[in-house]
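Below is one structure, written out as structure tokens, with a few remarks after it.
Please treat every number below as a calculation from the coordinates, not as lab data. Predicted model only: the values in this text are computed from it and were never measured. Quick reminder, even Gly has a Cβ in these numbers, built from the backbone with ideal geometry, and neighbours come from all protein chains shown.
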């Protein structure tokens with residue numbers, strides 16, 4: 001559904017996005033993670049045909065981003081939630097959506113149905129005749145999401161949709177993204193909320209001008225350090241350490257009576273490790289598997305890039 | 001170019017303006033003030049006796065210059081609205097989602113221009129109609145004929161005023177790219193009043209005569225200026241420029 005190949009954007013001498021390539025399948029939720037200034041918003045703006053690309057290729061539903069004749073077609077099939085909600089504070093919630101519905105070419109019936117449907121889904125139907133300027137941040141964000149969906153787009157771009165929201169509003173937005181995922185909408189989510197990315201995304205790209213990593217949340221977690229097995233013993237001695245090194249190729253660390261071993265697949269490796277420790281005379285008190293987190297992956301990649 | 005989309009953009013702006021009392025007030029008040037004040041000046045300052053006041057014979061020279069006020073006030077009226085339509089939308093960050101819709105830059109710009117052009121022009125025409133009616137009422141006993149309407153007024157209101165308004169809209173588009181608050185946009189936009197105020201002064205000082213031929217010549221120059229500014233403003237109002245270079 002979304003495909004880029006060497007997508008690059010330069011502002012004068014500054015390279016904001018450097019040769020980024022990725023693919024997002026239809027119905028997938030793709031998370032774009034990166035620190036501030038990493039090029040996430042610039043990438044989304046290029047994909048939404050808001051700014052031109054410097055080089056590279058990008059396609060949305062087989063339409064070429066950057067080709068004038070395809071630009072309007074792309075904008076018809078996408079919805080866009082910018083990082084600033086950009087609502088008309090003097091207009092009611094209904095009028096805000098009605099205006100965008102008209103610009104997207106929806107018929108009167110479609111507009112009426114979609115406005116009601118999305119305002120109800122987002123819990124704003126009771127506020128339809130209230131001016132947007134009186135809304136809370138969370139309500140404004142929900143209205144901005146409804147605005148992006150008014151024409152029932154196949155692809156939805158969301159730029160930091162939960163930033164500055166209270167936990168409850170952020171959860172409502174995340175739950176709504178999951179609802180949209182059920183409807184097989186392709187969602188491109190810019191975020192630096194790792195927990196959010198882990199919860200809702202099928203695939204994640206970590207960007208810091210260049211694309212540092214790409215994969216499922218689980219793949220990215222494993223790519224950093226794999227996992228660790230922590231064995232608590234009554235006492236650690238040389239025989240136990242030697243036995244451990246014979247069965248495990250991963251790094252081993254000793255901390256008092258605790259052994260920490262890097263493993264790739266704990267289910268396969270742990271029985272042999274524990275068996276070797278016991279045979280060497282070790283008295284095992286507990287065995288714990290520690291997963292590396294997406295946060296570990298993210299921080300490692302971003303620090304490497306810096 | 002899909003004109004219905006431009007009209008949708010303009011209609012939205014009309015809705016927003018209706019809720020902004022300061023815009024409504026300035027759009028209605030200024031032409032109304034001019035339309036009532038100038039006939040009042042003539043009423044109280046002609047033939048006050050003992051050589052005081054404006055002599056009746058001066059009226060046919062003064063009155064065409066007075067109608068020129070409606071050209072002069074077009075710039076501040078347009079600026080009051082255009083600054084909200086463009087800079088206001090930029091400040092409220094609503095331009096980005098608007099630009100993400102399947103609407104061309106030209107359609108948006110035309111919609112914004114209609115929104116900035118129509119209310120002030122309607123107000124100017126309403127004001128000018130009141131002005132002419134009141135002025136005829138005041139001057140008929142002195143002149144013995146109805147001075148308005150005439151060809152000079154037709155050229156001023158139907159040609160010069162819209163051309164000046166278009167110039168002001170275009171100037172506001174260019175200004176919008178350089179400023180980041182509505183007040184600064186208004187201050188700069190009002191500068192388009194200056195050439196017309198200059199023409200008015202030149203007429204009053206007797207440097208030029210504001211007869212129909214002069215008005216037509218000024219209109220011709222305005223057409224050239226409008227065309228030039230059209231190209232500059234459309235080059236300024238491109239989504240790439242707006243999102244990356246506008247202040």
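The table that follows gives values for the structure above.
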| item | result |
| --- | --- |
| GNM result for chain A, Cα springs below 10 Å: residue of A:124, A:143, A:207 fluctuating most strongly | A:124 |
| More than 41 Å apart - percent of Cα-Cα pairs taken over the protein assembly as shown | 43 |
| Exercise: per-residue mean of other protein chain Cβ atoms within 10 Å, B:88-99 | 6 |
| Chain A: most fluctuating residue of A:173, A:277, A:29 per GNM, C-alpha cutoff 10 Å | A:277 |
| Evaluated over the stretch A:43-120, the Cα radius of gyration and Dmax, each in Å | 14.8, 42 |
| Distance from the stretch B:118-174 to the stretch A:121-159 (C-alpha centre basis), Å | 45 |
| Inter-chain shielding of B:6-13 (mean C-beta neighbours from other protein chains, 10 Å cut-off) | 3 |
| Simple spin-label estimate for residue B:243 and residue A:289 in nanometres, 7 Å along Cα-Cβ | 4.4 |
| Length-normalised contact order for chain A - Cα pairs under 8 Å, 6+ apart - percent | 20 |
| Equivalent ellipsoid semi-axes - Cα gyration tensor, chain B, angstrom | 38, 18, 15 |
| Alpha carbon centroid spacing (whole Å) that separates the stretch A:228-306 from the stretch B:1-54 | 82 |
| Residue B:181 versus residue A:69: modelled label distance in nm, points set 7 Å from Cα along the beta carbon direction | 4.8 |
| Angle in degrees between helix B:212-236 and the longest Cα principal axis of chain B, rounded to the nearest 10 | 10 |
| Beta bridges per DSSP with both ends in the protein assembly as shown, % antiparallel, nearest 5 | 65 |
| Contact order normalised by residue count of chain B, Cα under 8 Å, 6+ apart, percent | 29 |
| Nearest-ten-degree value, helix B:193-204 long axis tilted from longest Cα axis of chain B | 10 |
| Theoretical FRET efficiency, 1/(1+(r/R0)^6), r = Cβ-Cβ of residue B:211 and residue B:32, R0 25 Å, to 0.05 | 0.35 |
| Fraction of beta bridges assigned by DSSP in chain A that are antiparallel (%, nearest 5) | 65 |
| Nearest-0.05 FRET efficiency for residue A:25 and residue A:268, computed from C-beta distance (R0 25 Å) | 0.25 |
| Shielding score for A:79-91, defined as the mean number of other chain Cβ atoms within 10 Å | 5 |
| Ellipticity estimate at 222 nm from DSSP helix runs (n ≥ 4, -39,500 (n - 2.57)) divided over the protein assembly as shown, nearest 500 | -17500 deg cm²/dmol |
| Potential extension, residue B:231-residue B:146 segment - 0.36 nm per residue separation minus Cα distance | 26.4 nm |
| GNM flexibility winner over chain B from B:89, B:170, B:58 (Cα, springs under 10 Å) | B:58 |
| Ranked by how many other beta carbons lie within 10 Å on average, peptides A:95-103, A:211-219 from highest | A:95-103, A:211-219 |
| Two-site FRET efficiency, residue A:179 against residue A:134, from Cβ-Cβ distance with R₀ of 30 Å, rounded to 0.05 | 0.70 |
| Cα-based helix-to-principal-axis angle, B:161-176 vs chain B, degrees rounded to 10 | 40 |
